[in-house]
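Report on the following structure.
Derivation of every value follows stated rules applied to the coordinates shown; laboratory data play no part. Keep in mind the model is a prediction, meaning the values are calculated, not measured. A quick note on method: Cβ atoms are made from the backbone with ideal geometry, for glycine too, and the neighbour counts reach across all protein chains shown.
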Amino acid sequence: MDLILQQMPIVLKALNEGFLQTLKLFFVTGLGAIPLGLVIAFGSMSRFKPLSVLTRLVVWVVRGTPLMIQLLIIFYFPGMVWGHNIWGKGESGRFLASAIAFIFNYACYFSEIYRGGIQSVPVGQQEAGLVLGMTKSQIFFKVTLLQVIKRIVPPMSNEIITLVKDTSLARIIALQEIIWAGQSFLKGSHGIAGAIWPLFFTAVYYLVFNGIVTVLLGRLEKRLDYFR
Amino acid sequence: MRQKLRAALCLALCAILLATMCACGGSGGYRVVDDYSGESSYHIAFRKGDRLKDYVSAAMEVLASSSVLRASSVRWFGENLIAVDADADAMEPYWDSVPARTVIVGIDLNNMPLSYLSNAGYEGFDVEFILQICDYLSWDVSFYPIAMENAEIELNAGNIDIAMAVQDSAVTDNMDISPAYLTSRYVLVARYGSHIRRRSGLKGKTLGVTVADEKVLYQNEKFVQSLGSVIYQTNTEGLFQALMKGEVDGVLSSSIVAAYYMK
């Protein structure tokens, strides 16, 4: 016990640094994937057939292959095939590649949620809007979107919680996130070897953060409880 | 009669003193009992066709002719394990073409005592070794931790310029390597004070091995069957701690790691 207390400041410092990387990846992915998902959703619902077919094909490929493979390909492909590492060297290059992979992957998942939300609004409401003389964009923003947001919050919450945990996949391209930091104490990092307890702390970081995300999304869901 | 008694007492005292010294161990309390497998060399790996290889290899040979690398090896392992041929003039053909640059060095942080992370940052023999070479070439160094099994991909994708501690078994056609800078073999190690002095002494005893070296252990299944039990550790630090505490009677380890703990 004394030993754990002695090692605690070193472990917490390393875990905090790793968790900062995890948080950065989470927020950057969220900021990029939420709007991009909407663009992809419009693409897949487009009446211009080639665009909708192409978008659906991309979504199918991205959703049908593991994120880990996408990370490996996105990070290593340019350097190995074109002979030019477009991501830049060091931690920032790995972060950028991870962020691009996560944004694209999650945007595809979000797009399907958006599409489901948009298509769940009865067509009759759009027709009613048209009859009332509203423009298409007015109908979208004032009739459809409000209902879509309410309907997509629960499935989006699910995806967002999964995203928090999925950020750990970035370690496959050696991004030093929190699990990397926790596991390193098994193998002699900072003079601490064979210590498994930092991994329990690592899990606690995820649990607490997911708890906060769950509470916040729950509140959002309640706030949107206006169409009952 | 008195003189004989005094001489006998003196002899007995000397014997006790000698036995105590042996038990304490001038070599950190461990003894190599037997060799377990053939030699394996450690190389520095580069991208295929990268001129960096010529500069680094030549710099290694120049530094091997001075006491720099030797002193480093003695500090880490207690003896000179440097396997590089010395040539004080090896850099002569290259000085005109050596560019000023920053090299990104990929290291495995789970490779005590070659490379690991301490509170002070990256440490280990490899870290010191490559810093000395780059210092000689007036290059800046930036370290990046990689998974050793990805060394070839990291090199060819341009994420790192140099991968340290690439063993013979990991060398592929898609990378260039420097001459070996360290050689290692697997050895069986026991506590200095124990009665285990040869491999047969481990019969029916408990042997410690790291998870990563399990394959090496099972190269000799007959030996494994002769053991009482095998205990796995995740790292070399835990392995030698278990040996020190008497939790295991012997350990299987690379000679470099053993030299570090026996120092």
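As a rough footprinting exposure proxy, the listed residues A:Met8, B:Met91 were ranked by other beta carbons within 10 Å of their own, and the order from fewest upward is A:Met8, B:Met91. Across region B:59-76, computed HN-Hα scalar couplings (Karplus, 6.51 cos²θ - 1.76 cosθ + 1.60, θ = phi - 60°) run 4, 4, 5, 5, 5, 5, 7, 9, 8, 4, 5, 4, 4, 5, 5, 5, 5, 8 Hz from first to last residue, x flagging Gly and Pro. Per-peptide packing, taken as the mean over residues of other Cβ atoms within 10 Å, places B:181-189, A:25-33 in the sequence B:181-189, A:25-33 from highest down. By definition, a body whose alpha carbon gyration tensor gives a ≥ b ≥ c is prolate when a/c is 1.5 or more and a/b is larger than b/c, and region A:53-129 fits this prolate description. Can you bin region B:40-184 into rounded, prolate or oblate? Criterion: square roots of the alpha carbon gyration tensor eigenvalues sorted a ≥ b ≥ c, rounded for a/c under 1.5, prolate for a/b above b/c, oblate for the rest. Note, shape of region B:40-184 comes out rounded. When only the Cβ of Lys, Arg, Asp and Glu is charged (+1, +1, -1, -1), the dipole of chain B relative to its Cα centre reaches about 2180 debye. Angle check, please: helix B:2-24 long axis (alpha carbons) against the longest principal axis of chain B (alpha carbons), in degrees 0 to 90, nearest 10. Around 40 degrees separate the two axes. With respect to chain A, whose longest principal axis is taken over its alpha-carbon atoms, helix A:49-64 is tilted by about 30°. Of the residues B:Pro145, B:Ile160, B:Ala90, the one whose Cα sits farthest toward the positive end of the charge dipole of region B:40-184, with +1 on the Cβ of Lys and Arg and -1 on the Cβ of Asp and Glu, is B:Pro145.
The HN-Hα couplings worked out from phi for region A:75-90 by the Karplus form 6.51 cos²θ - 1.76 cosθ + 1.60 (θ = phi - 60°) are 6, 8, 4, x, x, 7, 9, 8, x, 9, 7, 7, 8, x, 8, x Hz, whole numbers, x standing for Gly and Pro. Neighbours of B:Gly38, meaning other residues whose beta-carbon lies under 11 angstrom from its beta-carbon, give a summed charge of -2 when Lys and Arg score +1 and Asp and Glu score -1. Taking a sphere under 15 Å around the Cβ of B:Arg198 and counting the other residues whose Cβ falls inside, with K and R at +1 and D and E at -1, yields a net charge of +3. Here is how the number arises for the protein assembly as shown: DSSP H runs of 4 or more residues each give -39500 (n - 2.57), the sum is divided by the residue count, and the result at 222 nm is -17500 deg cm²/dmol. Taking 7 Å steps out from each Cα toward its Cβ at B:Asp35 and B:Ala147 produces label points 3.4 nm apart. A simple count of charges around B:Ile231, restricted to other residues whose Cβ falls under 12 Å of its Cβ and scoring Lys, Arg +1 and Asp, Glu -1, yields -1. Report note on the peptides A:86-92, B:60-66: ranked by the mean count of other C-beta atoms within 10 Å, highest first, their order is B:60-66, A:86-92. Inter-chain neighbour count for A:175-183: the average number of beta-carbon atoms from partner chains within 10 Å of each residue's beta-carbon is 1.
Projecting the Cα atoms of A:Ser137, B:Ala58, A:Val62 onto the charge dipole of the protein assembly as shown, computed from C-beta unit charges around the Cα centre, puts A:Ser137 farthest toward the positive end.
Stretching A:Thr214 away from A:Ser52 to a fully extended chain increases their span by 55.0 nm, per 0.36 nm per residue minus the current alpha-carbon distance.
Distance from the Cα centroid of region A:124-195 to that of region A:1-35 is 18 Å (rounded to whole angstrom). Rounded, prolate or oblate: which one fits region A:2-223, using the alpha carbon gyration tensor with axes a ≥ b ≥ c (rounded when a/c is under 1.5, else prolate when a/b beats b/c, else oblate)? It comes out oblate by the Cα gyration axes. For B:Ile107, the residues whose modelled amide H falls within less than 5 Å of its own, excluding neighbours fewer than 5 places apart on the same chain, are B:Tyr144, B:Ile146. Note on region B:197-263 and region B:103-119: Cα centroid distance 24 Å, given to the nearest whole angstrom. Treating the angle as unsigned and between 0 and 90°, give the value, to the nearest 10°, between the Cα long axis of helix A:145-166 and the longest Cα principal axis of chain A. Tilt of helix A:145-166: around 20 degrees. Derived scalar couplings between HN and Hα for region B:103-114 equal 9, 9, 9, x, 10, 8, 6, 9, 10, 4, x, 7 Hz in order, rounded to whole Hz, by the Karplus curve 6.51 cos²θ - 1.76 cosθ + 1.60 (θ = phi - 60°), x for Gly and Pro. Take each residue in B:149-162, count the other chain C-beta atoms within 10 Å of its C-beta, and the mean is 5.
Hey, which of these cross-link pairs are over 27 Å Cα-Cα: B:Lys53/B:Lys215; B:Lys215/B:Lys245; B:Lys48/B:Lys263; A:Lys24/A:Lys89; A:Lys136/A:Lys165; A:Lys89/B:Lys263? Intermediate results must be reported in sequence, preceding the final value.
Details: B:Lys53/B:Lys215 31 Å; B:Lys215/B:Lys245 25 Å; B:Lys48/B:Lys263 37 Å; A:Lys24/A:Lys89 18 Å; A:Lys136/A:Lys165 39 Å; A:Lys89/B:Lys263 37 Å.
B:Lys53/B:Lys215; B:Lys48/B:Lys263; A:Lys136/A:Lys165; A:Lys89/B:Lys263, as the Cα separations exceed 27 Å there.
The fewest-to-most ranking of A:His190, B:His43, A:His84 by surrounding Cβ atoms within 10 Å reads A:His84, A:His190, B:His43.
Starting from the Cα of B:Ala100, step 7 Å along the direction of its Cβ; do the same at A:Glu127; then give the gap between the two resulting points in nm. Reported label-point gap for B:Ala100 and A:Glu127 is 7.6 nm.
Dipole check for the protein assembly as shown: with +1 at the C-beta of Lys and Arg, -1 at the C-beta of Asp and Glu, and the Cα centre as origin, the magnitude is about 2000 Debye. Remark on B:Arg185: its backbone amide H falls under 5 Å from those of B:Ser40, B:Ser255, B:Ile256, a criterion applied only to residues 5 or more positions apart or on other chains, H modelled at 1.01 Å from N.
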